[in-house]
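Written out below as structure tokens is the structure these notes cover.
The values are calculated or read from the model by the stated rules, or taken from the named source; none is laboratory data. Quick caveat, the model's predicted, so the values are computed rather than measured. Note that each Cβ is placed from the backbone with ideal geometry, even for glycine, and that neighbours are counted across all protein chains shown.
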Amino acid sequence: MDLADSGQLGLDAYSRTVSGVAAALLPRVASLLLRGQGEDGRTRQGSGSAVAFTDDGFLLTNAHVVGATGGASSGVATFTDGTETPFDVVGADPLSDLAVVRARGATPGAARLGDADRLVVGQLVVAVGSPLGLAGSVTAGVVSALGRSRPTRTRRSGRVIEDVIQTDAALNPGNSGGALAIASGEVVGVNTAVAGIGVGLAVPINTTSRQIISALLRDGRVRRAYLGLVSAPSPLPAPLGARLGRSTGLRVVEVVTGGPADRAGLRAGDLLLTAGGADVTDAQSLQRLLFRDAVGVDLPITVVRNGAMVDVIAPPTELSD
């Protein structure tokens, strides 16, 4: 077999994978159109994509897609077979940029949701959406980075979405809310932004986002507990890491004055080891503890400060917009 034949076989395998994912997901990804009235009284129009994730009409999209019109509560979803159905906005969470809508008419079966925590850099991913109003568009690329942060804003404050997936699969306006899938066809992310030429971002599907989706389905919003600290992953001192059997913790970068963490005595420079009895190794491991059931409940936290273990109790308050 010569080199040209070998290259052709590789291309065929790649093409088969991408086309297989496309065949599985294209019928399950819709183009959304919303109209609403902005604060200035003018009619605004928003559009994007959404992916069916239940068999009874619920679709997953971005909060900024359903919020682009200034608060539209309904719209029209169009699938690649030409089927159109009205939908209602069930709930949106700007801090994760996730939203759920429900179609009033029949929809295709659900796409399979995967686990973005199993992704590795270099892994093949396929983006399916409706860029530039073109329904049923497919692009492919690789995971180019993991654990990125994306700035986002609520009406009152700016925050960041943690653990965002970075990919070089081509994304354009309208891809937002569409599916990012792996070779098996499982959806591991919801495309959320174009960060630059050849750089797209997606909100991961993982334990934390599943909690958010469940809250949106149940309550139409996400109640979050708030500690009032900013942290970043940090290596543990070698002797401590060897004793604990892990290599990282969370370094407290900033403590909000008057917040729960401040009142509990946490300080900038503290190295978080555990919270609620669970190991804290990254932002997600702390965030998954801070949902509605944690509001007002004592949260035991262990940190390393000046070489010594320090235990504090910090009851989180509810985060408001």
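The table for this structure:
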| quantity | calculated |
| --- | --- |
| Pairs with Cβ under 7 Å, 6+ apart, first in region 278-297 and modelled with pLDDT of 80 or more, second crowded, with 17+ Cβ neighbours inside 10 Å and part of a helix (DSSP H, G or I) | 278/285; 279/285; 280/286 |
| Helices (runs of 4 or more DSSP H) (entirely within region 178-279) containing at least 3 residues that are of a type in the set (Gly, Ala, Ser) and either closer than 30 Å to residue 111 by Cβ or touching a Gly at 6+ places or on another chain (Cβ under 7 Å) (or both) | 207-219 |
| Long-range neighbours under 9 Å by Cβ, at least six apart or interchain, first residue within 13 Å of residue 185 (Cβ to Cβ) within region 126-140, second outside any strand (DSSP E or B) and modelled with pLDDT under 75 | none |
| Qualifying residue in region 239-246 (condition: surrounded by 15 or more Cβ atoms within 10 Å (Cβ to Cβ), in contact with a strand residue (DSSP E or B) (Cβ under 8 Å, 6 or more places away or on another chain), of a type outside the set (D, E, K, R) and at pLDDT below 90) | yes |
| Residue check for residue 92: under 16 Å from residue 129 (Cα atoms) and crowded, with 19+ Cβ neighbours inside 10 Å | no |
| Of residues in region 94-118 being modelled with pLDDT under 95 and either polar (S, T, N, Q) or touching a Leu at 6+ places or on another chain (Cβ under 6 Å) (or both), the one nearest to residue 61 (Cα to Cα) | 96 |
| Any chance residue 262 is over 30 Å from residue 144 (Cβ atoms), charged (D, E, K, R) and buried (at least 16 other Cβ atoms within 10 Å of the Cβ) | yes |
| Test result for residue 264, under 30 Å from residue 112 (Cβ atoms) and at pLDDT 90 or above | no |
| Single unsatisfied condition, residue 267 versus (1) within 28 Å of residue 92 (Cβ to Cβ); (2) surrounded by fewer than 17 Cβ atoms within 10 Å (Cβ to Cβ); (3) basic (Lys, Arg) | (1) |
| Restricting region 280-314 to residues that are touching a Lys or Arg at 6+ places or on another chain (Cβ under 9 Å) and assigned to a loop (DSSP other than H, G, I, E, B), the residue that is surrounded by the most Cβ atoms within 10 Å (Cβ to Cβ) | 314 |
| Residue in region 262-274 that is over 24 Å from the mean Cα position of the chain (by Cα) and within 20 Å of residue 219 (Cα to Cα) present | no |
| Selected residue (only one of 114, 122 is in contact (Cβ under 8 Å) with a residue 24 or more places away in the chain and not hydrophobic (A, V, I, L, M, F, W, C)) | 114 |
